[in-house]
Amino acid sequence: MNDLDELKTVIRDTPISSIIGKYIPLSKKGRYQMGLCPFHPDKDPSLTVNDTKGMFMCFSCQTGGDAILFVEKYKNIGFLDAIKDIANNLNISTDGLFKAQKKDPRKELGKKILSRAIKLYRLHVENGKCVEYEQFVTGRGISSENAKTFSLGFAPQANILTKYLESIPNENDKINAIAMALEIGVITSGNSGNYDTFYNRIIFPIWDGGGNPCGLGGRTVTNHPAKYVNSKESHLFKKRNILYAKHMAVPFIREKDHVILAEGYMDVRALFQYGFKNSVAVMGTATSEYAITSLKQLTKNFIMALDSDSAGMLAMNRLNRTALAEGVVPKIITLGNFKDPDEFLKNRGPVAFQEIIDTAPAFIDFKLDSVIPEVIPLLSDKKLKILEVVFDLLSPLGEDLRATERVLTASKRLKLQSDSQTILQMYKTFLEKNNSNSNTRPNRDYVARDEPMLVEPETPTESAQQVDVGLPPLLEQEVLVEISRVEKLLIRELVAHPDIITHSSIDELLAFVVHNDVKRYVLRLKELIYEIDESDYSSVMGAIVNNGNYPIGLKEAVGGALFRYQPVSLDDKVLNKLTSDLKNRLLLEQLKQKRDDLKKRQKMCDTEEDLAQLMRELLFVQQDIEKLKSM
C-alpha cells in the first residue's frame, strides 16, 4: 500500500478491538471489549473498547481515542510509526508508503556488528569458565537473572571480536565490516594490526531508546586507570541523547509515574535487581534536552539519585537546570553516608530506599536552602546579592508559578522590605537581561562531570565526527503538551455538543483558552462545522486532530469526547442553558485551580500575617465556589 489516507481508512474500518487486542488482552463484556488499562496502574479492567465507534476509553485515567492514538501512547512512538506498527500487525505492506524511511545500510551494519559483539562477549561467560567475570558478579552481588537481563559479558584479551570479523568468508563483506567496526570503535587499529578495543573488561551493552544496540561499556577487572570506558561517539552512539536502560524502564515508569535518574549502568542494574525498574542512567558529558523531553512524555516526576560526592552534586545541579528549562522540577534523594544507590541498596535494602523516595524534596528547594544563610545579613546589598543567586537558580523556569512563588518566599526569608510586585519585577528584569545576553534559555544542555564510567577509549576520528546520519532524534516523537483541566472540559463539551460551536457565546467561551493548540482546534471546528455531515461527524472530528499536528493531550480530550458522543439536536432554550452551565463550569474549574494553588502556598508562608492573608483569599475563593455550585 502506498497511500497514507488509504491506509488510515483501512485502519479506521478495522474493528478497533482487533487492533488493540494485538497489544493487550481483551475480553468481551456486553457490547464492548474490556482490558487492563496500560496507561495507569490498573487491577480491574477499566479500558473500554467500542468497535461501533472505533474508539477506546479508560474512565479511570480519562484517556481515550482511536486505534492510532492507542498505539502512539502504548509504544511511545510517533503518529506515522504507530500507523506502520498497526499495518505490520494487520499484515499490510507499507513498502511503498515508507520508501523515504528506508533503513540506513551503514546504521544497520553497525547494529549487526554490535549485536555480534554482545553475543560473543555473553557466550564467553555462559560456559561458567570465565573466572574474572564470576569473581566480579559474585563480589558485586549481581544475580544471574539480572546479568542476563542486561546481557552482561566479558571481553578477554584474545581479540575474539576481531578474529570473528576477520573470519568473514566474503572479502568485500569482511572489508566493510572491519571498516565499520573501526568507525564505531569496537576494534582499534595498531602497529601490529587490529585488536579489540575492549579487553579484560566486564561488558555492558548500551541500547538506544528503541532497544537497538548502539554502543558498549566496559568495566575493568585489572588495575587499569580508566575504570570504565564507553564506545566513542559515532553515527550510532551519541551519549548526550542516550538514557541507559530506557527501553526496559518505559512500562515501569508509566506504572509508577516517576523515573529514577542514576549516574551509571551499575546503579541502574542494581536498582532493577532490587525492584526499582523505573530507572535510567544519564550518559555522556552532556545530557541533551532531547533525552529530558523523551522522559517528560512518560512522566513529569523525576527523582535524581546520582552519586552523593561533590562531583555527583555538580552533575545533579546541571541536570536539574536542564530539566527546569523543560518545565520539570526534579526531586533529590539523599543517600547519607552511602556513595551511590548500589551501595545504599546493599546496606539498607529496598524498603529504606523507597522511604527516601517518598520523602524526597524538590532539588531546587534543596539548593535554595543552601544559598540562603541561617543568619541573614543586615545590609540590603548583601541580601540582594543572595536574591540574585536565587533568581539565577530559578531562571530556567522563567515566570512559571513554581518559580515566582519561590522568589517571593526567598525574599521573605531574606527579610527584604520590598513588596511582592517589586520583587517580581526585579526577577522579570533579571530574566530579560539574562535572555538578552544568552539569546537562549540558560544552560539547556548540562555538562556533567567526567566520571570514570564516561572515559572514552580514544578521541573520535574526524570522519566519525562529521557524519550526520546519527540516531533518530528523540524529539521525532510527538511531545506531550499539557492542557489545563479547564481547556479539556471545553474540548469535551464542544465535541460532545457541536451546536455550541455555532452559538453566539463561543467567543466568550474561547476567552477561557490560553493553550494555542486548543484555540487552533476550536477555530478549525468553527470553519468546518457547517460542512460536516452527521454520518461522518466522528471520523471528521478525529481526522482534524490527527492531521493537524496536535499534541497528544488534545487528542486524548477529543478521543474521550467522541467515545461518549451521541447525536442530539438541541433547541435554543436547551442550548442557552447548556452554554450558560458550561461557562459556570469553566469558571468553577478555574476557581478550583486557584484554590488548589492557594493551598499549596500555605506550606510556603513564613509568618502568621502571611498565612492569615492567604487564608482570607482562600475563604473568598471557597465562597465563590459554593455560590457557583448553588446556581
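Scanning the range 601-619 for residues that are in a helix (DSSP H, G or I) and exposed (fewer than 12 other Cβ atoms within 10 Å of the Cβ) returns Glu608, Glu609, Ala612, Arg616, Leu619. Among the residues in the range 188-204, are any polar (S, T, N, Q), within 22 Å of Ala245 (Cβ to Cβ) and modelled with pLDDT under 90? No, every residue in the range 188-204 fails to be polar (S, T, N, Q), within 22 Å of Ala245 (Cβ to Cβ) and modelled with pLDDT under 90.
For the range 282-289, does any single residue satisfy the condition of being of a type in the set (A, V, I, L, M) and closer than 19 Å to Ile142 by Cα? No, the range 282-289 contains no residue that is of a type in the set (A, V, I, L, M) and closer than 19 Å to Ile142 by Cα. A count restricted to the range 41-63 and to residues that are in contact (Cβ under 8 Å) with a residue 40 or more places away in the chain and farther than 15 Å from Ile19 by Cα stands at 3. Those helices (runs of 4 or more DSSP H) of the range 484-588 in which at least 1 residues are surrounded by 20 or more Cβ atoms within 10 Å (Cβ to Cβ) and modelled with pLDDT of 75 or more, considering only elements entirely within it, cover 485-496, 516-528, 537-547, 552-564. Are any residues in the range 559-583 charged (D, E, K, R) and without any contact (Cβ under 8 Å) to a residue 24 or more places away in the chain, and if so, which ones? Selection gives Asp571, Asp572, Lys573, Lys577, Asp581.
Here is the figure for the range 27-65: residues that are modelled with pLDDT of 90 or more and of a type in the set (Asp, Glu) total 0.
Per-residue answers, yes or no, for (1) among the basic types (Lys, Arg); (2) without any contact (Cβ under 8 Å) to a residue 24 or more places away in the chain; (3) in a loop (DSSP other than H, G, I, E, B); (4) in contact with a Pro (Cβ under 8 Å, 6 or more places away or on another chain):
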{"residue": "Lys300", "(1), (2), (3), (4)": "yes, no, yes, no"}
{"residue": "Gly312", "(1), (2), (3), (4)": "no, no, no, no"}
{"residue": "Val328", "(1), (2), (3), (4)": "no, no, yes, no"}
{"residue": "Leu335", "(1), (2), (3), (4)": "no, no, yes, yes"}
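Could you tell me which residue of the range 36-63 is surrounded by the most Cβ atoms within 10 Å (Cβ to Cβ), considering only residues that are touching a Leu at 6+ places or on another chain (Cβ under 7 Å) and either part of a strand (DSSP E or B) or among the β-branched types (Val, Ile, Thr) (or both)? Restricting to residues being touching a Leu at 6+ places or on another chain (Cβ under 7 Å) and either part of a strand (DSSP E or B) or among the β-branched types (Val, Ile, Thr) (or both), the top hit is Phe56.
Sub-6 Å Cβ pairs linking a first residue in the range 584-598 that is assigned by TED's automatic domain parsing to the domain that holds Leu614 and under 17 Å from Ile483 (Cα atoms) to a second residue that is assigned to a helix (DSSP H, G or I) and among the basic types (Lys, Arg), at least 6 apart or interchain, are Glu589/Arg485, ordered by first then second residue.
Could you list all residues from the range 26-40 that are aromatic (Phe, Trp, Tyr) and either closer than 12 Å to Gly559 by Cα or in contact (Cβ under 8 Å) with a residue 40 or more places away in the chain (or both)?
If the condition is that a residue be aromatic (Phe, Trp, Tyr) and either closer than 12 Å to Gly559 by Cα or in contact (Cβ under 8 Å) with a residue 40 or more places away in the chain (or both), then Phe39 is the only one that fits.
Could you check, for the range 165-175, whether at least one of its residues is modelled with pLDDT under 95 and in contact with a strand residue (DSSP E or B) (Cβ under 9 Å, 6 or more places away or on another chain)? Yes, the range 165-175 contains at least one residue that is modelled with pLDDT under 95 and in contact with a strand residue (DSSP E or B) (Cβ under 9 Å, 6 or more places away or on another chain).
The residue of the range 271-294 that is farthest from Thr149 (Cα to Cα), among those that are modelled with pLDDT of 80 or more and in contact with a Ser or Thr (Cβ under 9 Å, 6 or more places away or on another chain), is Ile292.
A quick yes/no check of all residues on (1) small (Gly, Ala, Ser); (2) over 21 Å from Ala249 (Cα atoms); (3) free of Cβ contacts under 8 Å to residues at least 60 places away in the same chain:
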{"site": "Leu165", "(1), (2), (3)": "no, yes, yes"}
{"site": "Ile178", "(1), (2), (3)": "no, yes, yes"}
{"site": "Leu182", "(1), (2), (3)": "no, yes, yes"}
{"site": "Val186", "(1), (2), (3)": "no, yes, no"}
{"site": "Gly193", "(1), (2), (3)": "yes, yes, yes"}
{"site": "Asp196", "(1), (2), (3)": "no, yes, yes"}
{"site": "Val229", "(1), (2), (3)": "no, yes, no"}
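For the range 245-259, the set of residues classified as within 25 Å of Glu108 (Cα to Cα) and surrounded by fewer than 17 Cβ atoms within 10 Å (Cβ to Cβ) consists of His247 only. Condition check for Leu471 on (1) at pLDDT below 80; (2) buried (at least 18 other Cβ atoms within 10 Å of the Cβ); (3) closer than 29 Å to Leu394 by Cβ: one failure, at (3).
The values are calculated or read from the model by the stated rules, or taken from the named source; none is laboratory data. Computed from a predicted model, the values in this text were never measured in an experiment. Every residue, glycine as well, gets a Cβ built from its backbone with ideal geometry; the counts of neighbours run over all protein chains shown.
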